[in-house]
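Notes to accompany the following structure.
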Amino acid sequence: MILGKRILLIVTGGIAAYKSLDLVRRLREGGASVRAILTKGGAEFITPLSLAAISGEKVYGDLFSLTEESEMGHIRLSRQADLVVVAPATADFIAKMAMGLADDLASTALLATDKDVLIAPAMNEKMWQHPATRRNMAALEGRGVLSVGPGAGDLACGEEGWGRMAEVSEIIEAIGAYFRTGAPLAGRRALVTSGPTIEAIDPVRFISNRSSGKQGHAIAQALARLGAETTLIAGPVSVPDPAGVDVVHIETAAELLSACEEALPVEVAVCAAAVSDWRVKNPATRKIKKSAAGKKGDKPPVIALEENPDILARLSAPGNMRPALVIGFAAETEDCVENAKAKLAAKGCDWIVANDVSAATGILGGDDNIVHLIIGSDVESWPKMSKQAVAEQLATRIRDRLTGPP
Ligand code: C5P
């Protein structure tokens, strides 16, 4: 359940901070990646070095560090996560959260984040029961902040009672439960097609295209991170299968179509694959030879083509299996937006993501993309950004459409 998820872990200054090292280790064992912010108080209990070694990532601490801000600003840090976890969360830090203070990196990241937050409080029982803490916790709960623990038992201060940070296994369980049920697209099913198809000419030759699969694969991953149960149907590509996604590998358009039909019903289908429009009518069962003697002047073979099924059009056709939202891609080399608008109408999909893939843009196979999102007659032109960022932004739009008002 936590496979492929990105956790931003904030470690504040309580004795339970030592347990956060084990939390990081267990999260990584489950396939999550963890980026940590260690507050000044937290650094009194554990070192940035041990947290960095266990998380395998740089540890952030100082809001005013110019180098950190240029590498990864606090806004990006707070948003490039699927869930923010504060463990341990001290009484002082809970009070800061409740007040909305932003005087260090951890509290600023919490104000800036657009992600859900789970806290694991840890303090002395009297502090936990104090009316100020009660009021602060009520304020956080009212804002949708999730919490796990604290539990009862021996406290580090020598007293006994409520206030112990939840056990690491309980925190892991709460994070798993969040992704099972609390993530914005939990319980929703998504289908993404990606990469090229290949159509055989004979057993060794084929017709294909230059699609890298980078954009489609990133979209599948972004949807899975929002909690969607995602099936990615992928043509032959060299990018790795994304974590936390069911991947079906196909080669031909016909295989892509039947894999899509098998994945239905879904609520959203994103057709990012570059499907060969045509396939060879009668692929040879043996390698086509020039001639037995390989004579010069032999006529080249004529390869007859026939049309492939249009998967996007089929998924968009009215019917009870039609996904609520069908999104096509239009890779164009000229008149990008006009051609894409025509495609939206012709195929019957709901949205089209158009991009100019003429060779000079370097978009085919590259890491960046410049896209226009076309919804009806509206055209939104997005600035140049990484394919990863396009995927995240598109996934956010999909989330808003599926979970927001109709
Ligand atoms: O017509 P064109 O190939 O440019 O349309 C691109 C869009 O249609 C993409 O979303 C692509 O995945 C989809 N498509 C398809 N089946 C085809 C051809 C294109 O699903 N046979």
**Request:** Return the total of residues in the stretch 358-373 being in a loop (DSSP other than H, G, I, E, B) and small (Gly, Ala, Ser).
**Result:** 4
**Fill in**
Contact list, first residue from the stretch 260-281 and closer than 18 Å to Ala330 by Cβ and open to solvent by 40 Å² or more (accessible area, probe 1.4 Å), second anywhere and near the ligand (Cβ under 7 Å from one of its atoms) and of a type in the set (Asp, Glu), beta-carbon distance below 9 Å, six or more apart or interchain, is Val275/Asp310; Asp277/Asp310
**Message:** modelled with pLDDT under 95 and within 30 Å of Arg180 (Cβ to Cβ): is that true of Leu118 in this structure?
**Reply:** no
**Request:** Quick one: which residue in Thr197, Thr181 is open to solvent by 30 Å² or more (accessible area, probe 1.4 Å) and among the hydroxyl-bearing types (Ser, Thr, Tyr)?
**Result:** Thr181
**Request:** Identify the residue in the stretch 374-406 that is farther than 12 Å from Gln215 by Cα and part of a strand (DSSP E or B) and, among all such residues, is least open to solvent (accessible area, probe 1.4 Å).
**Result:** Ile374
**Prompt:** Of all residues in the stretch 105-116 being closer than 14 Å to Val11 by Cβ and out of contact with any Ser or Thr (no Cβ under 6 Å at 6 or more places or on another chain), which is surrounded by the fewest Cβ atoms within 10 Å (Cβ to Cβ)?
**Reply:** Ser107
**Request:** Of all residues in the stretch 331-352, count the ones that are near the ligand (Cβ under 8 Å from one of its atoms) and either in contact (Cβ under 8 Å) with a residue 40 or more places away in the chain or basic (Lys, Arg) (or both).
**Result:** 4
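Could you pull out the residue among Ala389, Ala324, Ala360 that is more than 16 Å from the ligand (Cβ to nearest atom), closer than 21 Å to Thr193 by Cβ, free of Cβ contacts under 8 Å to residues at least 12 places away in the same chain and assigned by TED's automatic domain parsing to the domain that holds Ala273? Give the steps one after another, and end with the answer.
Values: Ala324 fails: free of Cβ contacts under 8 Å to residues at least 12 places away in the same chain; Ala360 fails: closer than 21 Å to Thr193 by Cβ.
Criteria check complete, one pass: Ala389.
Evaluate the stretch 237-249: report whether one residue or more is more than 13 Å from the ligand (Cβ to nearest atom), in a helix (DSSP H, G or I), open to solvent by 60 Å² or more (accessible area, probe 1.4 Å) and out of contact with any strand residue (DSSP E or B) (no Cβ under 9 Å at 6 or more places or on another chain).
No, the stretch 237-249 contains no residue that is more than 13 Å from the ligand (Cβ to nearest atom), in a helix (DSSP H, G or I), open to solvent by 60 Å² or more (accessible area, probe 1.4 Å) and out of contact with any strand residue (DSSP E or B) (no Cβ under 9 Å at 6 or more places or on another chain).
Considering the stretch 41-57 alone, what residues qualify as being within 14 Å of Leu105 (Cα to Cα) and open to solvent by 20 Å² or more (accessible area, probe 1.4 Å)? Full working, then the answer.
To start, the set of residues in the stretch 41-57 that are within 14 Å of Leu105 (Cα to Cα) comprises 41-43.
Correct list: Gly41, Ala43.
Tell me, yes or no, whether the stretch 26-34 has at least one residue that is open to solvent by 70 Å² or more (accessible area, probe 1.4 Å), free of Cβ contacts under 8 Å to residues at least 24 places away in the same chain and in a helix (DSSP H, G or I).
Pass one, the stretch 26-34, residues open to solvent by 70 Å² or more (accessible area, probe 1.4 Å): 26, 28-29.
Right, trim to free of Cβ contacts under 8 Å to residues at least 24 places away in the same chain and you get 29.
Going one step further and asking which of them are in a helix (DSSP H, G or I), we end up with 29.
Yes, because at least one residue in the stretch 26-34 is open to solvent by 70 Å² or more (accessible area, probe 1.4 Å), free of Cβ contacts under 8 Å to residues at least 24 places away in the same chain and in a helix (DSSP H, G or I).
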**Request:** Under 7 Å between Cβ atoms, at least 6 apart or on separate chains: pull out the pairs that start in the stretch 224-240 with a residue that is touching a residue at least 12 places away in the same chain (Cβ under 8 Å) and end on any residue that is buried (at least 18 other Cβ atoms within 10 Å of the Cβ) and of a type in the set (Asp, Glu).
**Result:** Arg225/Asp82
**Prompt:** If we keep just the residues of the stretch 363-372 that are away from the ligand (no atom under 13 Å from the Cβ) and hydrophobic (A, V, I, L, M, F, W, C), which is least open to solvent (accessible area, probe 1.4 Å)?
**Reply:** Ile363
**Prompt:** If you check Ala224 against the conditions, is it on the phi < 0 side of the Ramachandran plot, more than 14 Å from the ligand (Cβ to nearest atom), out of contact with any His (no Cβ under 8 Å at 6 or more places or on another chain) and assigned to a loop (DSSP other than H, G, I, E, B)?
**Reply:** no
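Got at least one residue in the stretch 298-317 being open to solvent by less than 40 Å² (accessible area, probe 1.4 Å), more than 16 Å from the ligand (Cβ to nearest atom) and within 30 Å of Glu261 (Cβ to Cβ)? Reasoning before the result, please.
Just the residues of the stretch 298-317 that are open to solvent by less than 40 Å² (accessible area, probe 1.4 Å), to begin with: 308-309, 311-313, 315-316.
Adding the requirement that they be more than 16 Å from the ligand (Cβ to nearest atom) leaves none.
No, that holds for no residue.
The values are calculated or read from the model by the stated rules, or taken from the named source; none is laboratory data. All values derive from a computational prediction rather than experimental measurement. With ideal geometry, Cβ positions are generated from the backbone for all residues, glycine too; neighbour counts draw on all protein chains shown. When the accessible area is computed, the model is the full protein with side chains, heavy atoms only, and any ligands, DNA or RNA have been set aside. Shrake-Rupley method; radii C 1.70, N 1.55, O 1.52, S 1.80 Å.
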